[in-house]
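The values are calculated or read from the model by the stated rules, or taken from the named source; none is laboratory data. Since this is a predicted model, take the numbers as computed values, not measurements. Here the Cβ positions follow ideal geometry from the backbone for every residue, glycine too, while neighbour counts run over all protein chains shown. Heavy atoms of the whole protein, side chains included, go into the accessibility calculation; ligands, DNA and RNA do not. Shrake-Rupley method; radii C 1.70, N 1.55, O 1.52, S 1.80 Å.
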Amino acid sequence: SRGSGGPPIRTQLKMLLLRLCLTAAGTAGLRINKYQKPVLFASTYNDAISDAPVAIETNKNDWETKYRVLTPVTLDNRKEEYTRFDKYKSKYMGRYNSVDQSKTDMSYADFGALVAAQEYSFKNGDILTGTVVQYDGPQKAMVEVGAKTAAVLPLREATIVPLSDGETISDFVDVGEQYEFQIVSDSRDDGQVTVSIKKIMYAKAWDKLATQYAEDPVFEAEIVQVNRGGAIVLVEGLRAFLPGSHIMGSGGASDAMVGKRIALKFLEVNKEANKLVVSNRRAVIEHSMASIKRGDVYDGIITAVKPYGAFVEIMGMSGLLHISQISYDRVENLEATLAAGMVIKCMVIDHDKAAGRIALSTKTLEPEPGDMLRDTERAMACVMSTTKSS
């Protein structure tokens, strides 16, 4: 029923009940939202850890507040806010341990600055030291050079020497060993670069040849290829051209010479022009000319017959037996007297060590004038026994 001048008794009871709830809520630490409704609360998060009650405010328009969780003050000295994920992580994975940086050699800030200052970009031509970490098949190796990812060393860049069939990358570099490498390609998006040992060997070979060229020594090298103009030889791993005119002997360059080692001297060494020229003639002449003397007699082989005389090879050098020096008698038919491949004895009558020219004579060896024309074998048999053999 309704009292005199006041609200109905039912309404009065509701208001009384609400006052009692509000009083209890204030005592327990609850807060009232704008709708005059009590908000959910928790007296403690973990009674064993803390007895301090913590309330939660809910706000449907605030996502961060909506997903916030209760955290005991004793576990949150830095007053950090935790999400639902942090709650589950704390429950099932444990919390991150705090680190006392005063006991470390480097702080997080210093470490971050060091990483930021690290240079990971490389340019073509850069030379650095790296370690072979593994083989990636028979054709390449992976090299640790301090980049974001391991660098690649292809087989073709592992050596300056021409590759043979069946050779693999393991024939030239060993896993775990350090080598000098040169960058031959820029970094890709993933930071990977291509490196080369061949480029470094190539540069060192040119420097070594430049020094040898100044000293002008006699050296040996292998013929690896022949062509119409001469031959190709390997000198310190570099391809050098040997002109046909500088190959001793009348045959010049031939396939039979491939694989043989011959004495050589430099004619030209030019790194800028990538030009390397050698001579077999210079090497042989320098070695042989030192022992040749005028008046000495040597065994020789006729290598070619020309209208003006014959070329005779003695001690690896080619000398000219002029038609006027064959016999005291007039030579009417040279080809009837001398032929290529014939072995004869010749006397050195003149030589030019600088130019490598040798002048020979057989008429000085004739017992009687004209014997070389009438009976060449008899004339050669009568030559004095002091003939020197090559």
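Which of the residues that make up segment 271-316 are of a type in the set (D, E, K, R), open to solvent by less than 80 Å² (accessible area, probe 1.4 Å) and part of a loop (DSSP other than H, G, I, E, B)? Can you show your working first?
Kept after step one, since they are of a type in the set (D, E, K, R), are these residues of segment 271-316: 271-272, 275, 281-282, 286, 293-294, 296, 299, 306, 313.
Right, trim to open to solvent by less than 80 Å² (accessible area, probe 1.4 Å) and you get 281, 296, 299, 313.
Selection gives ASP296 alone.
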Do we have any residue at all in segment 330-340 that's hydrophobic (A, V, I, L, M, F, W, C), at pLDDT below 85, closer than 26 Å to HIS287 by Cβ and open to solvent by 40 Å² or more (accessible area, probe 1.4 Å)? no
I'd like to verify a number: residues in segment 168-185 that are touching a Ser or Thr at 6+ places or on another chain (Cβ under 7 Å) and of a type in the set (Phe, Trp, Tyr), how many? 2
Working only within segment 127-166, note down all residues that are assigned to a loop (DSSP other than H, G, I, E, B) and either surrounded by 15 or more Cβ atoms within 10 Å (Cβ to Cβ) or of a type in the set (Val, Ile, Thr) (or both). VAL145, ALA147, THR149, ALA150, ALA158, THR159, ILE160, VAL161
